[in-house]
1. Quick one: pull the percent of accessible area on the stretch 310-397 belonging to carbon and sulfur, 1.4 Å probe, ligands and nucleic acids left out.
2. Multiplying the sequence separation of E101 and S387 by 0.36 nm and subtracting their Cα-Cα distance, what value in nm do you get?
3. Which far-off residues, 5 or more places away or on another chain, put their amide H under 5 Å from the one on G356, with H placed in the peptide plane?
4. Counting only DSSP beta bridges with both residues in the stretch 286-399, what percent are antiparallel, rounded to the nearest 5?
5. Give me the extension gain from F367 to A86: residue separation times 0.36 nm, minus the current Cα-Cα distance, reported in nm with one decimal.
6. Expected output is a single nm value to one decimal: the length gained when fully extending between D397 and E176, i.e. 0.36 nm times separation in residues minus the C-alpha distance. What is it?
7. Within the stretch 85-129, which residues have the backbone N less than 13 Å from the label spot 7 Å out from Q197 along Cα→beta-carbon, could you tell me?
8. Once you put a point 7 Å from the Cα of I122 and another 7 Å from the Cα of R215, both along the Cβ direction, what distance in nm separates them?
Amino acid sequence: MLQQILRDMYIDPDLLAELSDQQKHILFYKMREEQLRRWNEREEEAQREEARLGMSRKLKQDQNKHVQWLHGTDGEVWVWIMGEAAGDTPYEEISEALIAERARKQARKEAEELWKQKEAEITKKFRDAMANERARILAEKWKVEMEDRKAAKVMEEKIQEELKRIEEEERQRGEEQICLQEEQRAKELYWSLKQAQETQASEKEELEWEEQLRRSKAADEERRHQARWARAEHQRHSFRAIEKGKVAGLSSMFQGIGLDNAQGENVHHQPSPDLSTSLPGPLSRTKARPPRPVSRDTVTRWFREEQLPRRACFERNTKSIAPWFHGIISRKEAEDLLVTMTEGAFLVRVSDKIWGYALSYRQQNGFKHFLVDASSDFYSFLGVDPSRHATLTDLIDFH
């Protein structure tokens, strides 16, 4: 199972939920190692291809690049997530500041353009007024006597000063108006950018929801297909299974066998499930097995056809069911059985998440559950211990 996860670089969410935090960390580390191994293989292949094509030495030196990971004090690859490290500004505040700065720059640019137009209009207006006034004075000079020329010049200067004062006042009013427009435009741009960001986020959430819905529909279709296949297998093999006496043999094998706890005490647990009643047809080992169990009946067929011949649930060199084996029960039922036990008690149950088992362990402040991969010809803890064991009893005795 671990090899399949590393090959596909994907793990089913339901299976991931069954793993503990330590198992998740180890599985992530294994997947990261596999990524680095693949990357190194691609780099070596690229270098061999360059050597085969006879590229120049200088070009090889220019392209001789490598990636070196920065490690922290604990020796692991150092990872920094913006906005989550100590002393970092939260991502929302950074986003708000960037949007506000962008809106302010855009508003300033528009205000500068608007002021250039306004200033050109004011300059042209008063330049034309000055020219008209000078033309009028020149036209009337012939009427003015020589002694009145000084008075006419003083009058002209007063008129020019008045026009300059009016021009300066209008310039000031124009600047104030432009500033107000700049502030208003900055607010409009801010809310526009903010709304665009929220719209983009909602569209992203909608796409993720549609993708999740598509995967759910595909999973439902796969389950329906497996159910149809199981019914067909049941119809083809049920009569042959009865003839061979497999069902009757299993009934006699499990009849009257009690299950004890890890300390050897009698446990008032639910009775061991009858693995021989109402079973569909046998799960053929020559047919490709589904990636994971699709139903409780499929798990029962797998246990009957593949695990019983390997004596997975028996004590070593005996015909007795091991006291730690409790058949096909749920996680909740396992915890109910262990809740009255002392720390260190455990039991093994058949898992309905993978082709294998689950070891439920009683600790001081709760429970732990470990998955045991039995999809191949050996038994090993999924994502925790790479050790492989020939039988399930060997794995239990080893640990």
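The values are calculated or read from the model by the stated rules, or taken from the named source; none is laboratory data. Note that the structure is a prediction, hence the values are computed from the model and not measured. For neighbour counting, all protein chains shown are included, and Cβ atoms are generated from backbone atoms with ideal geometry for every residue, glycine included. The area values use the complete protein model at the heavy-atom level, side chains included, leaving out ligands, DNA and RNA. Shrake-Rupley method; radii C 1.70, N 1.55, O 1.52, S 1.80 Å.
1. On the way: 1840 of 3800 Å².
Using a 1.4 Å probe with all protein chains present, the stretch 310-397 comes out at 48 percent carbon and sulfur.
2. Gain on stretching E101 to S387: 97.2 nm.
3. HN-HN under 5 Å from G356: S351, A374.
4. Working: 17 of 18 bridges.
Taking every DSSP beta bridge with both residues in the stretch 286-399, the antiparallel ones total about 95 percent.
5. Numbers: separation 281, 0.36 × 281 = 101.16 nm, distance 3.31 nm.
Stretched fully, the F367-A86 segment lengthens by 97.9 nm.
6. Details: separation 221, 0.36 × 221 = 79.56 nm, distance 8.69 nm.
Stretched fully, the D397-E176 segment lengthens by 70.9 nm.
7. Answer for the stretch 85-129: 90-104.
8. About 6.3 nm, to one decimal.
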